[in-house]
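Visitor: I am attaching a structure below and will ask some questions about it afterwards.
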Amino acid sequence: MKSMAKMKYHYGLKVRIYPSDKQKQIIKLNSDASRFIYNEMVAINKELWQLKQVKLPIDTVQSRIKQLELRQNAKQMSNHFQFLGDKRIDSLTKANAIQNYRKAWNAFRKIHTAGVPNFHRKSYVWRYQTNCQYLKQKEAYLTNGTVRFEDSKHVLVPKLGRLRVKGSHQRILARSAETR
């Protein structure tokens, strides 16, 4: 399969979804987990910065630094916090939260227009971010990935199931060319 850069067209779609009550609970759970992981990464980085300011080679400080550096990936964080091991939480949500945190740091380092990453507040807006995977497939279409359109009014998303959608995706669905 071609990579995104080699494909002639790749689109980002923004559609309105109409989830059921059960799906809303899963979206909220994933949103909260994503916010928690992002905030945990902020806390870990702040503590690491403070510990690295200590110039004396104290064993307890050095062991805490190693412990925090190990906990900066999704698997170790799930092992440390048992509620992140819930089957309703998408693994890509965890990975995307860490990736978003690292992107925020890169934006701070390169551009300097944004400040250092801060804690995300709890909000009434829920966010569910996942990626489409094309496992063992030679071609990528909007109808054959893990996130796929079943018809013009429904999309199938891992962990959530079938969702009703509305938006401007009709013209892109009509394409027969390879589209990711």
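The values are calculated or read from the model by the stated rules, or taken from the named source; none is laboratory data. These figures come from a predicted structure and were not determined experimentally. Methodologically, a virtual Cβ is constructed for each residue, glycine included, from the backbone with ideal geometry; neighbour enumeration extends over all protein chains shown. Note: accessible area is taken over every heavy atom of the protein model, side chains too, but ligands, DNA and RNA are not part of it. Shrake-Rupley method; radii C 1.70, N 1.55, O 1.52, S 1.80 Å.
Visitor: Tell me what the chain gives for mean residue ellipticity at 222 nm when only DSSP H runs of n ≥ 4 count, each as -39,500 (n - 2.57), the sum divided by the residue total, rounded to 500 deg cm²/dmol.
Guide: Theoretical 222 nm ellipticity from helices: -13500 deg cm²/dmol.
Visitor: Right, something else. What is the distance in Å between the Cα centres of the stretch 71-89 and the stretch 118-135?
Guide: When both Cα centres are located, 16 Å separates them.
Visitor: Treating the beta-carbon of each Lys and Arg as +1 and of each Asp and Glu as -1, no other charges, what is the dipole magnitude of the stretch 101-165 about its Cα centre, to the nearest 20 debye?
Guide: Roughly 300 debye for the stretch 101-165.
Visitor: Rounded to two decimals, what is the ratio between the C-alpha radius of gyration of the chain and 2.2 N^0.38 Å?
Guide: Output field value: 1.25.
Visitor: Using a probe radius of 1.4 Å on heavy atoms only, what accessible surface per residue do you get for the stretch 55-105? Whole Å² is fine.
Guide: 65
Visitor: Are any of the pairs 75/166; 55/87; 75/122 more than 32 Å apart by Cα-Cα distance, and if so, which?
Guide: Beyond 32 Å: 75/166; 55/87.
Visitor: Another question about this same structure. Please give the length that would be gained between residue 20 and residue 3 if that part of the chain were fully extended, namely 0.36 nm times their separation in residues minus their C-alpha to C-alpha distance (nm, one decimal).
Guide: Roughly 2.7 nm would be gained on extension.
Visitor: Subtract the Cα-Cα distance of residue 148 and residue 50 from 0.36 nm times their separation in residues, and report this length gain in nm to one decimal.
Guide: That works out to 30.8 nm of additional length.
Visitor: Right, something else. In percent, how large is the relative contact order of the chain, given Cα pairs closer than 8 Å and 6 or more residues apart?
Guide: It rounds to 34 percent for the chain.
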